[in-house]
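Q: Here it is, the structure, as structure tokens.
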Amino acid sequence: MGQTKVLFFTVGFFVGFSNLADAQFAETPPNIVFILTDDLGWTDLRCYGNKFNETPHIDKLAERGICFTQAYAACPVCSPTRASILTGKYPARLHLTNFLIGNRTDPESPVLPPSGWKTMLDAREVTLPELLKTKGYTSAMVGKWHLGNHDSVTSWNQGFDFTRMIGKNGLDYYNYSIFIDSYQNEFIDDGTNYLTDKLTEYGVEFIRKNKDQPFFLYMAYSAPHVFIVPRGDKMRKYFFKYEQSKPEKFNPYYAAMVESIDDGVGRIMKTLEENGLLGNTLVIFTSDNGGLGIDELGPTPTNLAPLRKWKGHIYEGGTRVPAIFSWPGKLQAGKVSENYFSSIDYLPTFCELTGISDIPENVDGKSIVPLLLKPEKKEDYERPLFWHYPHFSNQLGRPAGSVRMGDFKLVELYETGTLELYNLKEDISESNNLSEKMKDKTTEMYKLLADWRKSVNAQMPVPNPDYQPPSN
């Protein structure tokens with residue numbers, strides 16, 4: 001990382017707080033505010049080196065806590081990652097491996113996506129808010145759900161007590177609707193309430209109403225997902241920056257959308273501070289997958305360089321995401337960690353922090369509390385992480401899987417069986433395929449990936465019966 005990208009903070013590690021560990025993290029169960037953005041790229045924040053986007057409140061969040069440089073989403077598209085956060089399970093185990101209406105195929109490919117993959121998070125799955133309820137928590141889901149629309153599997157029936165779920169026109173930022181705890185109660189915007197700001201208002205409302213009891217806020221912004229529709233009053237400075245940034249380019253409309261998210265983070269943090277909650281609230285800020293680095297429903301939103309590819313791809317640009325943990329007085333401030341983890345790890349981490357020991361079977365994640373306490377022991381926590389995306393994405397991604405173990409990452413292209421091996425420490429851009437030079441390592445990593453797929457009963461692509469091989 002250090003040789004390719006300059007971070008806002010000095011890379012370093014911190015030692016654990018003995019009072020935190022001895023007291024099982026807090027005498028009173030901590031509140032948890034989990035802020036999830038939609039398609040925000042690893043390179044999009046000032047604290048991750050972005051020179052154009054203005055994110056002072058998120059930067060301050062990082063200054064107060066830990067900024068992870070190698071955090072991952074469990075899938076390069078949204079719905080599977082959201083399911084992984086709420087269940088602690090790999091999308092492949094859940095058989096929820098694409099965004100819910102993702103049915104793209106390629107008639108020129110030898111394979112089709114697997115049939116029977118799930119387009120909802122099963123009601124039988126035990127979710128994080130259901131677990132937290134056993135410890136007296138009140139939970140809220142504000143924003144984008146995208147895990148099923150049937151009443152039995154939507155947010156108000158998956159453990160959340162307070163739901164403000166985006167309804168119609170979910171890709172727009174005006175003229176949308178919000179379902180309030182049911183499909184019978186709906187707020188309909190008339191074109192005057194910017195969606196990101198409206199979601200922030202709901203999050204603030206929930207915190208104020210529940211300040212006297214432990215709470216979990218799942219703050220799922222829809223921004224900066226396309227359409228790229230910013231608030232007009234934020235554009236002027238980014239237009240001037242655009243002229244000054246040449247020959248480099250950035251999307252000023254996208255930058256303004258990111259700033260609105262930052263405004264929301266600022267309001268949430270101010271609300272916590274005003275209500276005396278900062279010292280007992282863990283705040284996490286992250287994204288559901290990599291940013292969008294290609295034209296889709298408009299001009300290209302962002303640039304993921306030096307990472308390879310973007311949303312919808314199994315490469316680093318599609319899966320590596322920003323992740324910031326802030327807990328004033330409990331986590332030492334202003335630190336950057338190069339340890340890696342996945343979105344499957346949030347559930348077991350929160351369970352450990354809140355004293356929940358009885359978690360569901362087949363949870364794939366691992367608590368990263370040790371990384372928060374003693375990140376200098378990086379070698380103790382390197383374990384394989386897996387990705388499985390047997391689909392064709394809207395962003396030109398192809399069916400593939402991958403495994404990371406330590407510094408090495410293996411990619412398998414499912415259409416051809418081609419294997420690629422990269423050393424991420426030396427080659428963050430995944431530009432130097434080592435599979436021929438390091439055949440033993442390639443074999444070792446492939447066995448890890450194949451054995452894992454078998455263990456989770458991963459659904460593989462199927463032969464395309466209409467495929468016609470190219471003639472010589």
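The values are calculated or read from the model by the stated rules, or taken from the named source; none is laboratory data. All values derive from a computational prediction rather than experimental measurement. Positions of Cβ are backbone-derived with ideal geometry, glycine not excepted, and every protein chain shown enters the neighbour counts.
Q: Looking at the stretch 127-152 only, could you name the residues that are touching a residue at least 60 places away in the same chain (Cβ under 8 Å) and surrounded by fewer than 19 Cβ atoms within 10 Å (Cβ to Cβ)?
A: Passing the criteria: 134, 135, 136.
Matching residues to (1) surrounded by 19 or more Cβ atoms within 10 Å (Cβ to Cβ); (2) under 22 Å from the mean Cα position of the chain (by Cα); (3) modelled with pLDDT of 95 or more; (4) farther than 30 Å from residue 469 by Cα:
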position: 392; (1), (2), (3), (4): yes, yes, yes, no
position: 402; (1), (2), (3), (4): yes, yes, yes, no
position: 405; (1), (2), (3), (4): no, yes, yes, yes
position: 414; (1), (2), (3), (4): yes, no, yes, no
position: 417; (1), (2), (3), (4): no, no, yes, no
position: 434; (1), (2), (3), (4): no, no, yes, no
position: 441; (1), (2), (3), (4): no, no, yes, yes
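Q: So residue 179 passes all but one of these: (1) under 17 Å from residue 38 (Cα atoms); (2) outside any loop (DSSP other than H, G, I, E, B); (3) not polar (S, T, N, Q). Which condition number does it fail?
A: The number of the failed condition is (1).
Q: Go through the stretch 164-208 and count every residue that is among the basic types (Lys, Arg) and over 21 Å from residue 261 (Cβ atoms).
A: Of the residues in the stretch 164-208, 1 are among the basic types (Lys, Arg) and over 21 Å from residue 261 (Cβ atoms).
Q: Under 7 Å between Cβ atoms, which residue pairs at least 6 apart in sequence (or on different chains) link something in the stretch 317-337 that is among the polar types (S, T, N, Q) with a partner that is in a loop (DSSP other than H, G, I, E, B) and surrounded by fewer than 24 Cβ atoms within 10 Å (Cβ to Cβ)?
A: 326/64; 332/14; 337/13; 337/375
The rows are residues; the columns are (1) in contact (Cβ under 8 Å) with a residue 24 or more places away in the chain; (2) hydrophobic (A, V, I, L, M, F, W, C); (3) loosely packed, with under 14 Cβ neighbours inside 10 Å; (4) within 23 Å of residue 161 (Cβ to Cβ).
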residue	(1), (2), (3), (4)
185	no, no, yes, yes
213	yes, no, yes, yes
239	no, yes, yes, no
262	yes, no, no, no
287	yes, no, no, no
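Q: Residue check, residue 291 against (1) touching a Ser or Thr at 6+ places or on another chain (Cβ under 6 Å); (2) closer than 24 Å to residue 178 by Cα, all met but one. Which one?
A: Condition not satisfied by residue 291: (2).
Q: Of the residues 121, 61, which is surrounded by 18 or more Cβ atoms within 10 Å (Cβ to Cβ), in a loop (DSSP other than H, G, I, E, B) and touching a helix residue (DSSP H, G or I) at 6+ places or on another chain (Cβ under 8 Å)?
A: That would be 121, the only listed residue that is surrounded by 18 or more Cβ atoms within 10 Å (Cβ to Cβ), in a loop (DSSP other than H, G, I, E, B) and touching a helix residue (DSSP H, G or I) at 6+ places or on another chain (Cβ under 8 Å).
Q: Right, here's the next one. So residue 336 passes all but one of these: (1) out of contact with any strand residue (DSSP E or B) (no Cβ under 6 Å at 6 or more places or on another chain); (2) of a type outside the set (Lys, Arg); (3) surrounded by 20 or more Cβ atoms within 10 Å (Cβ to Cβ); (4) at pLDDT below 95. Which condition number does it fail?
A: (1)
Q: Given the criterion out of contact with any Cys (no Cβ under 6 Å at 6 or more places or on another chain), more than 22 Å from residue 206 (Cα to Cα) and not in a strand (DSSP E or B), identify the matching residue among 171, 132.
A: 171
Q: Filter the stretch 70-105 for residues that are modelled with pLDDT under 95 and either not β-branched (Val, Ile, Thr) or not in a loop (DSSP other than H, G, I, E, B) (or both) and give the result.
A: Scanning the stretch 70-105 gives 99, 100, 102, 103, 104.
Q: Let me ask something else. The conditions are (1) at pLDDT 95 or above; (2) crowded, with 24+ Cβ neighbours inside 10 Å; (3) not in a loop (DSSP other than H, G, I, E, B), and residue 341 fails exactly one of them. Which is it?
A: Going through (1) at pLDDT 95 or above; (2) crowded, with 24+ Cβ neighbours inside 10 Å; (3) not in a loop (DSSP other than H, G, I, E, B) one by one, residue 341 breaks only (2).
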